[in-house]
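The next block holds one structure in the form of structure tokens; read it before the comments.
What follows is calculated from the coordinates using simple rules that are stated; it is not laboratory data. Note that the structure is a prediction, hence the values are computed from the model and not measured. Virtual Cβ from ideal backbone geometry, glycine too; neighbours counted across all protein chains shown.
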Amino acid sequence: MHRNSAKTHCLRGHEFTPENTYYTPRGSRHCRTCTGHLPKKAKTHCKRGHPRTPENVDSHGACKICKPELKRVWLEKNPDHDSRAADHKKQGWTTDLIEKVRIEQNGLCAVCKNVLTRGKITGSRECLDHEHTASSIPPVPRGILCSNCNIAIGLLQDNSSVVDSAANYLRKFGK
């Protein structure tokens, strides 16, 4: 039996209750009031006062109500930030090339000729297309497509024979 195990109070006079007693990994007993190891109160609201409920908190503990507003404010303060710029560079695209192709295509998809949008996640959102072969490293840029056409070409395996076959199939049924 440890010599201090019979003590009921710490040196400063706080009682060793289950709520006020902290045990170290080695088994030593300490007063939570004195050492600052009091159990943290669960946060019930975010900094802006929104309730912290399972539906309102993301996997990182951030408030889902505040997050879009905070992101908007940050993007206003950092207008030159392009989260996809690093990916574009890996795909062989430069800022100048993107602008050049946008002008050449008149802001339209290279396949369906629909007007392209930037930022919003829609079927007409612009996608920078590039070759997908192992022999083209870095990849060679091809054109700017809407997300629908980009997905379709990907699903057709970037294979013009498959695209022709699909077109013939649609023509067969009058489409």
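Given a cut-off of under 8 Å on Cα pairs at least six residues apart, what relative contact order in percent is computed for the chain?
Normalised by residue count, the contact order of the chain is 10 percent.
Which value, in debye to the nearest 20, gives the size of the charge dipole of the chain about its Cα centre, when Lys and Arg are +1 and Asp and Glu are -1 at the Cβ? Spell out each step's value before the answer.
Values: 30 positive and 17 negative charges, 247 e Å.
Computed charge dipole of the chain: roughly 1180 debye.
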- [ ] Please tell me the relative contact order of region 85-172 in percent, rounded to the nearest whole number, where contacts are Cα pairs under 8 Å and at least six residues apart.
- [x] 25
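Percent of alpha carbon pairs in the chain separated by more than 26 Å? List each step's numbers first, then the result.
Details: 9412 of 15225 pairs.
The share of Cα pairs beyond 26 Å in the chain comes to 62 percent.
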Open item on the list: Which three numbers, in whole Å and largest first, are the semi-axes of the equivalent ellipsoid of region 85-172 derived from its Cα gyration tensor as √(5λ)?
Closed with: 23, 17, 11
Open item on the list: Under 10 Å, Cα contacts only: if you run a Gaussian network model on the chain, which one of 104, 55, 15 comes out with the highest mean-square fluctuation?
Closed with: 15
Task: Selection from 95, 161, 116, by position along the positive dipole direction of region 85-172 (Cβ) - done: 116
Task: Positive dipole terminus of region 42-81, leading residue within 60, 73, 50 (C-beta point charges) - done: 50
Open item on the list: Please check: in the Gaussian network model of the chain (C-alpha springs, under 10 Å), which one of 25, 141, 51 has the largest mean-square fluctuation.
Closed with: 25
Task: Dipole magnitude of region 42-81, debye to nearest 20 (Cβ charges: Lys/Arg +1, Asp/Glu -1, about Cα centre) - done: 180
